[in-house]
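What follows is one structure encoded as structure tokens, with my remarks underneath.
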């Protein structure tokens, strides 16, 4: 099997691989929106744990340390896998959802007001 990479792998390819993995194990019975959203939150917490108590600068260093980077990549993969399986189970189109959200964010965060600022849109 060829190695996957961001340049050549589509979201559809990833969703299909995740779904095949789940179906081979008969796990769809457990993959409800509730359970998958909770699993996604748990895995996000595990990703965050790598940076707990680190300063922003320290978090950059941690993310680039080879031994920790592999563990961080594993946690990121878990987050994305659960997100893709959530999309599979609910029938959501990830690309369409991202496009719609980016359009909404562009309205909430116009460049002329938000460039270089981290304020919430209600504070711009």
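Values quoted throughout were computed directly from the atomic coordinates according to the rules given, and no laboratory measurement underlies them. All figures in this text were calculated on a predicted structure; none of them were measured in a lab. Cβ: placed from backbone, ideal geometry, glycine included. Neighbour counts: every protein chain shown.
A few comments on the model shown:
- Here is how the number arises for the chain: DSSP H runs of 4 or more residues each give -39500 (n - 2.57), the sum is divided by the residue count, and the result at 222 nm is -22000 deg cm²/dmol.
- For region 33-108, the C-alpha radius of gyration divided by 2.2 N^0.38 Å, with N the number of residues, is 1.32.
- Relative exposure of 109, 82, 121, judged by other C-beta atoms within 10 Å (fewest first): 121, 109, 82
- With the simple model of a label 7 Å out from the Cα in the direction of the Cβ, residue 24 to residue 124 spans 4.5 nm.
- As a proxy for reagent exposure, 6, 119 were ordered by neighbouring Cβ count within 10 angstrom, fewest first; the result is 6, 119.
- Extension gain for the segment residue 113 to residue 3, taken as residue separation times 0.36 nm less the Cα-Cα distance, is 35.4 nm to one decimal.
- As a proxy for reagent exposure, 10, 44 were ordered by neighbouring Cβ count within 10 angstrom, fewest first; the result is 10, 44.
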